[in-house]
Amino acid sequence: MICYYYPPLIDVGCKRSVAFSKYFKKHQWVPYVLSVKNPDKTYCLIGNDRPPEGVFTKYSYSVINPYKLTGKFNGFLARIMRLFNVEVNRNYFYDLLCIPDLFWGWIPLAVLDGLKIIRQKRIDLIYVSCSPFSAAFIGIILKIFTKKRLIIDFRDIYALELQKSGCLYSKPHFRKQIDLWLENLMLERADLLVVTTEEMRDLYACRYSQHSHKLYTVHNGFEAGELPTIDPPPKKYSKFTIFYSGNYYFEGIKPYLFFESLSLLKKKNKINNRLFQFLYYGGQAERFNAISKRLQIEDLVVANPYISHETLLDIIQRCHLYLIRIMKPLISTKLFEAIALNTPLLAIIPPGEAEKLIKKYSPSSYVITKSSPEEAAEAILNAMDKYGQQQIEDNRVTDFLDRFSRENLTLKLMTLVSGKMPLVNSAAD
């Protein structure tokens, strides 16, 4: 298992790989994990988490940090160009030097360590978690040398020209073409490509029809073992509370719609800081405070820095609505958390797969697919009224976990691998 995001990192990208390694071992597969010793702290959160008990983990050094290097090059170029009254508005060195991404410094030593593990531990399969997509090329190189079967797991999209929450990827044409060629190479070399949503699978199958037979969906899901054991569940906050955590994706379509709905409700005297709060935890607290001040709703917004995931799970249960925004075709892990923790959602999302999941498993949630602050404001008022009259229906948690617990999703992946990728190498190999 080649996983850049793995404990002690605590980023959300770790959770899928941690669960797979844990349940592979529980169900009689033997996982060996290869991760990074010196992760880029600009993009990663380092905590005190540890790998699952009994899972062998090897950490390889990244030999260079391209992000710092390209930053220095670009800074030097910017200073030179200012002498000619020309402003440099993008880092062109990133486009030239960070291919396939800025984590490629991990590749050389990871390949060497991967070869040792494969030969010493008699590995049958290579699994790669992407992003970072440079990890895919560790897997591809190892496959070339060892002839082992390769599973590539796309948690994110790499090169498809998509409207990512309203913003097209900002890449020059030559880089887009390189990335598309590399993405096709990943699909060509993989024996199985796993993605996290059906919409993502459909997009890849349409773009790379020659590889569509390799494409399968295994959703992100929720770790049922993280469900709080308090019975009865903790009481809701005395104030009506809407919750959000992590990255808000301000580059998306109508990023201020939710805040505008709060401003609208405040101006109409429908909410105030004695009865209502919007609670945020994450790395964008300053930006939340700036927006709320501009819209004169700073008394309604409580923005806090990151806290532990375990504490967040408790807070989610105490909130009345969990706000989510989704970068289609991905589905945020927040959706799985909210439904599993029996908290209704206020989902400001485009129509599609996520909308259908919410409506199926969370009958008291609100899905806003139009860019309308008025509609969001009406949903908030309706939820406040239903809570007041005790008319909120429970989420269908049992049915949801039967399909989306991470253990069951791991079993799904194991079944896919066993059916599509026999462990005995073919004669062609």
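The single condition among (1) part of a loop (DSSP other than H, G, I, E, B); (2) under 20 Å from Trp106 (Cα atoms) that Asn89 does not meet is (2). Within the set Ser371, Ser364, the sole residue that is in a loop (DSSP other than H, G, I, E, B), within 18 Å of Leu257 (Cα to Cα) and among the small types (Gly, Ala, Ser) turns out to be Ser371.
Answer yes if at least one residue in segment 47-59 is over 22 Å from Val18 (Cβ atoms) and not acidic (Asp, Glu), and no otherwise. No, every residue in segment 47-59 fails to be over 22 Å from Val18 (Cβ atoms) and not acidic (Asp, Glu).
Among the numbered conditions (1) under 27 Å from the mean Cα position of the chain (by Cα); (2) among the basic types (Lys, Arg); (3) assigned to a helix (DSSP H, G or I), the only one that Arg119 does not meet is (1). Would you pick out the residues in segment 27-63 that are outside any loop (DSSP other than H, G, I, E, B) and touching a Gly at 6+ places or on another chain (Cβ under 6 Å)? Passing the criteria: only Leu34.
Of the residues that make up segment 181-199, is at least one more than 18 Å from the chain's Cα centre (by Cα) and within 21 Å of Pro350 (Cα to Cα)? No, segment 181-199 contains no residue that is more than 18 Å from the chain's Cα centre (by Cα) and within 21 Å of Pro350 (Cα to Cα). Each residue in segment 216-255 was checked for being farther than 30 Å from Val301 by Cβ, in contact with a helix residue (DSSP H, G or I) (Cβ under 7 Å, 6 or more places away or on another chain) and modelled with pLDDT under 95, and 2 pass. Among the residues of segment 223-256, which ones are part of a helix (DSSP H, G or I) and out of contact with any strand residue (DSSP E or B) (no Cβ under 6 Å at 6 or more places or on another chain)? Matches in segment 223-256: Gly225, Glu226. Within the bounds of segment 351-359, is there any residue that is in the same structural domain as Tyr249 (by TED's automatic domain parsing) and within 12 Å of Phe243 (Cα to Cα)? No: zero hits.
Output yes when any residue across segment 366-376 is of a type outside the set (A, V, I, L, M, F, W, C) and at pLDDT 95 or above, and no when none is. Yes, segment 366-376 contains at least one residue that is of a type outside the set (A, V, I, L, M, F, W, C) and at pLDDT 95 or above.
The values are calculated or read from the model by the stated rules, or taken from the named source; none is laboratory data. Fair warning: this is a prediction, and the values are worked out from it, not measured in the lab. Cβ: placed from backbone, ideal geometry, glycine included. Neighbour counts: every protein chain shown.
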